[in-house]
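Bear in mind these aren't lab numbers, they're just calculated from the coordinates by the rules spelled out. Keep in mind that this is a model prediction, so the values were computed, not measured. As a convention, Cβ positions derive from the backbone with ideal geometry for all residues, glycine included, and neighbour counts pool all protein chains shown.
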């Protein structure tokens with residue numbers, strides 16, 4: 001494993017609840033991701049969730065009867081997930097494993113129907129590490145198994161930065177490094193959020209090189225920029241109509257890169 005990512009584990013261990021509440025703020029990301037999960041998940045089966053975090057997806061998958069193996073390198077996040085699974089009395093449906101996605105030797109099964117990578121890949125700044133995680137996931141999928149992997153879009157993050165930390169643009173070395181390489185300069189101090197931000201054009205080739213057939217690539221926050229609040233306050237039929245519309249345009253190539261989070265879905269050949 002080429003990169004020491006203990007700082008990322010510490011980032012999540014220091015405040016596990018922050019990650020759980022993230023999808024309460026980014027509700028469109030969660031809702032549209034579930035649209036695609038509903039579309040491509042088998043009706044039943046075994047799911048390997050790499051980067052399971054506090055269980056936002058784990059709990060609902062277990063409720064629906066899937067057998068979930070929940071993996072995360074952050075013991076703090078896994079502990080929060082354990083509590084939520086216990087509260088729902090779903091312990092028989094979920095197995096927890098503390099592991100780095102680049103080394104899944106603790107996951108001995110090799111016939112999962114689905115693998116979820118809802119976060120690990122956007123924390124791995126080295127290409128070799130991203131390829132390793134995809135290889136580890138592929139080795140544990142059955143033939144024809146489905147992979148879901150999430151990423152952060154390189155240029156869409158600017159909508160959050162101009163809204164929340166406008167002074168970021170004054171850090172010229174970081175600005176150039178993000179735009180050109182998708183990551184902060186190597187000599188930047190570690191701590192806080194550290195990740196790799198993709199171009200949409202990278203996603204299909206990256207996975208296809210690792211033996212996946214691309215089913216779709218989508219932006220799960222299409223057309224809203226950093227304006228989560230306008231979607232979050234919608235209710236009832238009006239919210240459903242907007243969700244239907246945004247789902248319809250989520251694969252439109254001309255706007256996909258403006259979605260902060262991107263979702264790749266592929267099938268193991």
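Stokes-Einstein diffusion coefficient for region 140-269 at 10 °C in a medium of 1.306 mPa s, Rh from the Kirkwood formula over Cα pairs: what value in µm²/s? Mind showing how you got there, number by number?
Values: Rh = 16.4 Å.
Here the translational diffusion coefficient equals 97 µm²/s.
Max-minus-min Cα coordinates of region 69-168 on each principal axis give 48, 34, 21 Å, with the largest extent listed first.
Take every DSSP beta bridge whose two residues both sit in the chain; close to 40 percent of them are antiparallel.
Can you give me the pair-distance distribution of region 39-96, C-alpha pairs, 5 Å bins, whole percents? Over region 39-96, the share of Cα pairs per 5 Å bin runs 5, 22, 35, 24, 11, 4, 0 percent.
Taking the inverse of the mean reciprocal distance over all distinct Cα pairs, the Kirkwood hydrodynamic radius of region 6-268 comes to 18.9 Å.
Semi-axes of the equivalent ellipsoid for region 182-224, computed as √(5λ) from the eigenvalues of its C-alpha gyration tensor and ordered from largest down, come to 26, 16, 8 Å. Over the chain, dividing the summed -39,500 (n - 2.57) contributions of all DSSP H runs of at least 4 residues by the number of residues returns a 222 nm mean residue ellipticity of -12000 deg cm²/dmol. Direction-averaged projected area, Cα convex hull, region 1-112: 7.5 nm², rounded to one decimal.
Which three semi-axes in whole Å describe the equivalent ellipsoid of region 211-251, each the square root of 5 times a Cα gyration tensor eigenvalue, listed largest first?
25, 12, 7
Sorting 46-58, 87-99, 167-179, 29-41 by average packing, meaning the other beta carbons within 10 Å per residue, from highest down gives 46-58, 29-41, 87-99, 167-179. Take the Cα of residue 106, go 7 Å toward its beta carbon, and the backbone nitrogen atoms of region 44-63 under 20 Å from that spot belong to 47-59.
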